[in-house]
Amino acid sequence: MLSIERVGRRFPNGTEALRDVSLRLEPGDFVALLGPSGCGKSTLLRLIAGLDQPDAGRLVWQEGHAPTPGEVGFVFQDATLLPWATAEENVYLPLRLRGISRQQAAPRLREALARVGLEQFAAARPRQLSGGMRMRVSIARALVTRPRLLLMDEPFAALDEFTRHRLQSDLLALWQAIGCTVVFVTHSIYEAAFLARRIVLMSPRPGRIASERASPLPWGHSRLDPAYATLVADITAAMEQALGHGAPVADLAAADPASGDPARSRERSA
Amino acid sequence: MKDASLAMRASPLLFGLLALAVWEGAVRAFHVPVYLVPGPIAIVAAFLADPIGLLRSLASTLLVTFVALAVAAVLGAALAIAMAASRLAQAAIQPWAVVLQVTPIVAIAPLIIVWVGNPFAALVVCATIVAFFPVFANTASGLAAAAPELGDLFRLYGASRWRTMTLLRLPAALPHFLTGLRISGGLALVGAVVAEFVAGSGGFASGLAYRILEAGYRLEIARMFAALVLLSLAGIAINAGLGWLGRVLLRRRGDAA
Ligand SMILES: Nc1ncnc2c1ncn2[C@@H]1O[C@H](COP(=O)(O)OP(=O)(O)OP(=O)(O)O)[C@@H](O)[C@H]1O
Ligand SMILES: [Mg+2]
């Protein structure tokens, strides 16, 4: 559905976030973008979403033009809900911005909330919901326009392990039911190995694609599957190689952007 | 636990009463003349000697305060929104807002009183200048306070600037506006009083500040204190009232605990 061709992105402050990145997305794919902090995962995702423009290379969409609003859904690390709006009103937002009346939207709002298991919480405000539930609302909001492409930027990174496992399994079921393409950014090897059909490993400074592999795991695998442990080990080995033998820790530290976008560093320290 | 919280709540009152008692006791024990430092009882007596006159003056000052606060709120919010909507407006407005903030009102009040013929309007203008900045600056920062990701989300769905303003930036600014309003409320009162002081010598004011000046000339120090007490009570009430208003509005909207 999308072919990313030799894309580069250098920010005005001189940070080269991406260099020579090429990647193909097929319909129905589930791709994990995996890499350490600051390697340009979010930048790549924003380029795909059209929220930022590359200054080298290009994005070639199969239909010949960039997707229209609503064809792409985006889930951020924080649920980023409107705190003054109910769960249902938050899910309504994308439809509202496209001029669909509340009445017309009602069945789709119910459907989207039901898909994430929150039909009972339509009238709840974000502060009345747990972190996991807020993230579910955020996912429902991204799904309500029935996007063909779902972009997720470390959506579960701020959640506890139990909630994260639960949401990961639910996300897989959702993906199976909906059949849209998912690009899932994470810095967790375990998460990438568990979720993705394809794992794209990125290395930092400047961000490049270090390696790419298809998941050997069968659909519906469990976390206890020995093949899962093997895959985690494989990816870990590839990651250490990508970051340089013997000095992964130092490289990770160097890759952590102390400078750069203040909004991002705020988000990280929060 | 409950007793403790009750004690916590009653403690400011008890402390205040204790301080008043010590004050009264000291004034009596050392035979301080009432034209130097009146005791609390003398102050209450001074108030009771002419409650209508003092309360009328309070009402006059409060009228100036509230009109000025309303004007400052509307003007401050409108200019902040204009600045958020257009860079040109921002470049044009920002320096003047700062000029307005750093100008000492005492220095320009005489000019304003001369220029604005109507005394009431002159007082309102002075108080508005003092009250303007907090509500303006808070609203401006509130309009920029929404998470950048939410801005991205609106862009992703092709939201117009108008939609982004009405559905995201204005609602996000509301708590900040209310905070600014609360600060401006106190300042409007200060501005009104300062303007009355300046105008008072011109001889057309009827506000509390004028009563304070007048009582000072006549060495009616107890009456002066009574007017001062009314003034601080009004300030406290305005602050508490605007705080309450903010909490109610935010709770109704559902985003405040
Ligand atoms: N708007 C910007 N202006 C300048 N530099 C930026 C900007 N956005 C990102 N960067 C820098 O580009 C690099 C890549 O950032 P990016 O957010 O894409 O990394 P990431 O892989 O998503 O990291 P993380 O896992 O911490 O989210 C970092 O060094 C970052 O500081
Ligand atoms: Mg990121």
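The values are calculated or read from the model by the stated rules, or taken from the named source; none is laboratory data. Owing to the predicted nature of the structure, the values given are computational and were not obtained by experimental measurement. Note that each Cβ is placed from the backbone with ideal geometry, even for glycine, and that neighbours are counted across all protein chains shown. Each accessible area value is taken on the protein alone, full model and side chains, heavy atoms only, with ligands, DNA and RNA left out. Shrake-Rupley method; radii C 1.70, N 1.55, O 1.52, S 1.80 Å.
Some observations on this one:
- Antiparallel bridges, percent of DSSP beta bridges restricted to the protein assembly as shown (to nearest 5): 45 percent
- Built from the Cα atoms of region B:42-256, the convex hull projects on average onto 13.8 nm², one quarter of its surface area.
- Order of exposure, largest accessible area first, which applies to B:VAL194, B:VAL98 with probe 1.4 Å: B:VAL98, B:VAL194
- The share of Cα pairs per 5 Å bin across region A:1-145, counted from zero up to the longest distance, runs 2, 9, 16, 18, 15, 14, 13, 9, 4, 0 percent.
- Classified by the C-alpha gyration tensor, region B:1-85 has an oblate form. Its axis ratio a/c, with a ≥ b ≥ c, is 1.5 or above, and a/b does not exceed b/c.
- Compared with the dominant Cα axis of chain A, that is its longest principal axis, helix A:161-178 is turned about 70°.
- Sorted largest first by accessible area at a 1.4 angstrom probe radius, with every protein chain in place, the residues B:VAL198, A:VAL21 fall in the order B:VAL198, A:VAL21.
- Count Lys and Arg as plus one, Asp and Glu as minus one, and take only other residues whose Cβ is under 12 Å from that of A:VAL185; the net charge is then -1.
- In region B:227-257, comparing the full protein assembly with the chain on its own, the residues that lose 40 Å² or more of accessible surface at a 1.4 Å probe are B:ARG253, B:GLY254, B:ASP255.
- Solvent exposure of region B:42-256 amounts to 47 Å² per residue of accessible area, where only protein heavy atoms count and the probe is 1.4 Å.
- Between region B:1-60 and region A:137-169, the alpha-carbon center distance in angstrom: 61 Å
- Between B:ALA121 and B:TRP23, residue separation times 0.36 nm minus the direct Cα-Cα distance comes to 31.3 nm.
- FRET efficiency for the pair B:LEU228 and B:LEU36, taken as 1/(1 + (r/R0)^6) with r the Cβ-Cβ distance and R0 = 25 Å, rounds to 0.95.
- Look at the stretch B:138-150: the mean tally of other chain Cβ atoms within 10 Å of its residues' Cβ atoms is 3.
- Quarter of the Cα convex hull surface for chain A, i.e. its orientation-mean projected area (nm²): 14.6 nm²
- Sequence of A:ILE139, B:ILE93 when ordered by accessible area, the most exposed leading, probe 1.4 angstrom: B:ILE93, A:ILE139
- Rounded to the nearest 10 Å², the accessible area of A:LEU243 at probe 1.4 Å: 10 Å²
- Overall form of the protein assembly as shown per C-alpha gyration tensor (a/c, 1.5; a/b vs b/c): prolate
- Remark: the A:ASN13-A:ARG223 segment gains 71.4 nm on full extension, using 0.36 nm per residue and subtracting the alpha carbon distance.
- Two-site label geometry, A:SER37 and B:ARG247: point separation in nm, points 7 Å out along Cα→Cβ: 3.8 nm
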